[in-house]
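Trainee: One structure, as structure tokens, below. Some questions next.
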Amino acid sequence: MPCTLYLPSYLCSMEKFLKDLFEAQSYDEKNFFLLAGPCVVESNELILEVAEKVSAICKKLGIPYIFKSSYRKANRTSGDSFTGIGDETALKMLQNIGNRFSLPVVTDIHTAVEATIAANYVDVLQIPAFLCRQTDLLEAAAETGKIVNVKKGQFVSGEAMKFAVDKIRSAGNHKIMLTERGTTFGYQDLVVDYRNIPAMQAHGVPVIMDVTHSLQQPNQSSGITGGNPKLIGTMAKAAIAAGADGLFIETHPDPSNAKSDGANMLKLDLLEELLKQLVKLRKAIS
């Protein structure tokens with residue numbers, strides 16, 4: 001079914017670059033796709049556990065799956081916060097996840113130099129929301145030839161993300177995804193405007209809903225970002241109903257002891273039941 005500006009993206013056929021990305025997986029093409037994993041690579045044991053469990057769930061439910069974890073966290077509230085176990089060590093672990101489970105892998109990058117390095121290990125380069133207007137970073141990511149997922153800044157409208165898309169396309173790369181992750185609401189909260197999903201789909205790209213980061217409560221006086229994980233299911237269901245092509249969910253076996261973003265991650269044991277509900281919802285609106 002051909003896509004137009006008047007046809008919701010979830011009713012269109014999957015983009016070719018996504019079909020190529022998921023070629024090693026068996027899935028229902030009418031499903032949303034999923035980016036999921038722990039916020040940051042804490043250890044090899046952690047990412048192996050999460051990849052094994054989530055890939056098995058997605059295979060059972062027919063959901064195409066991209067493993068997600070940051071090899072390094074450059075954006076932390078406090079200078080004392082955990083940033084990673086070492087770039088090369090973490091990137092090699094992510095590459096091993098992809099090879100071992102036949103999964104595509106996505107990770108954040110923060111500078112133009114990182115784009116070139118990370119592209120040797122992963123399939124999708126993710127631009128953090130705070131960096132979505134950094135021209136040199138977007139161009140460097142584009143020039144690697146990898147899929148580029150740009151998170152919409154908390155200070156940017158869905159319509160204005162056209163300029164990020166244009167920068168990547170101008171660099172010769174048309175493998176682009178955009179991610180909604182909330183808009184700044186006062187000093188210590190975010191609010192999601194679901195109109196941004198169709199607004200960004202109008203740029204001709206798949207749109208993902210970052211469910212867990214949209215529930216962050218930033219700028220806490222403790223120096224640790226807060227969150228409201230009880231609303232993860234609500235946010236995810238609303239995103240599917242609004243026509244999101246994909247979902248981004250950070251998950252961890254023990255969020256209370258996670259080294260980054262524990263306050264808004266979904267406990268791993270709760271993921272399967274949520275995904276079952278979301279698959280049913282997707283079928284109901286297709």
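Just so it is clear, none of the values below were taken in a lab; they were calculated from the coordinates. This structure is a prediction, so every number in the text was calculated from the model and none was measured. Quick reminder, even Gly has a Cβ in these numbers, built from the backbone with ideal geometry, and neighbours come from all protein chains shown.
Trainee: In the set [x] 7, 30, 37, 21, 5, 0; [y] 6, 27, 34, 23, 8, 1, 0; [z] 7, 31, 40, 20, 1, 0, which value of P(r) over Cα pairs in 10 Å bins from 0, in percent was calculated from the structure you see?
Mentor: [z]
Trainee: Go ahead and estimate [θ] at 222 nm for the chain from helices alone: -39,500 (n - 2.57) per DSSP H run with n ≥ 4, summed, over the residue count, rounded to 500. Intermediate results must be reported in sequence, preceding the final value.
Mentor: On the way: 9 runs with 95 residues, N = 286.
Here the helix-only value at 222 nm equals -10000 deg cm²/dmol.
Trainee: Highest mean first, how do 50-58, 165-173, 19-27 rank when packing is the count of other Cβ atoms within 10 Å averaged over residues?
Mentor: Values: 50-58: 19.8, 165-173: 16.8, 19-27: 14.2.
Answer by packing, highest mean first, reads 50-58, 165-173, 19-27.
Trainee: A further question follows. Quick one: if the Förster radius is 22 Å, what FRET efficiency do Thr116 and Glu23 give, using the C-beta to C-beta distance and rounding to 0.05?
Mentor: The computed FRET efficiency comes out at 0.30.
Trainee: Check which residues have an amide H placed less than 5 Å from Thr251's amide H, if you skip close sequence neighbours.
Mentor: Excluding prolines and chain starts, which carry no amide H, the hits are Gly37, Cys39, Leu266.
Trainee: With an 8 Å cut-off on Cα pairs and a minimum separation of 6 or more residues, tell me the relative contact order of the chain in percent.
Mentor: Worked out over the chain, it gives 18 percent.
Trainee: Write down the Kirkwood hydrodynamic radius of the range 233-286, to one decimal in angstroms, obtained as one divided by the mean of 1/r over all alpha carbon pairs.
Mentor: Details: mean 1/r = 0.0836 Å⁻¹.
12.0 Å is the Kirkwood radius here.
Trainee: Same structure, new question: Using the structure shown, list the pairs from Lys92/Lys280; Lys19/Lys276; Lys175/Lys267; Lys151/Lys237 with a Cα-Cα distance above 26 Å, or answer none.
Mentor: Numbers: Lys92/Lys280 36 Å; Lys19/Lys276 22 Å; Lys175/Lys267 31 Å; Lys151/Lys237 20 Å.
Pairs exceeding the cut-off: Lys92/Lys280; Lys175/Lys267.
Trainee: May I ask you to compute the full-extension gain from Thr234 to Thr184, defined as 0.36 nm times their residue separation minus their alpha-carbon distance, rounded to one decimal in nm? All intermediate terms of the calculation are to be shown ahead of the outcome.
Mentor: Working: separation 50, 0.36 × 50 = 18.00 nm, distance 1.91 nm.
Additional length available on full extension: 16.1 nm.
Trainee: Taking neighbour Cβ counts within 10 Å as the exposure measure, how do Thr135, Thr183, Thr107 sort from fewest upward? Don't skip to the answer; put the middle values down first.
Mentor: Values: Thr135 13, Thr183 19, Thr107 24.
Ranked by crowding around the Cβ, least crowded first: Thr135, Thr183, Thr107.
Trainee: Further, regarding this structure: What does a probe at Lys92 reach in the range 29-59, counting residues whose amide N is under 15 Å from the point 7 Å along Cα→Cβ?
Mentor: 43-45
Trainee: Same structure again: Within 10 Å of each residue's Cβ, count the other Cβ atoms and sort Met265, Met200 from fewest upward. Let's see the in-between values first.
Mentor: Numbers: Met265 26, Met200 30.
Neighbour counts put them in this order, fewest first: Met265, Met200.
Trainee: Same structure, new question: Work out the length of the dipole vector of the chain about its Cα centre, built from +1 on the beta-carbon of each Lys and Arg and -1 on the beta-carbon of each Asp and Glu, and round it to the nearest 20 debye.
Mentor: Dipole size: approximately 640 debye.
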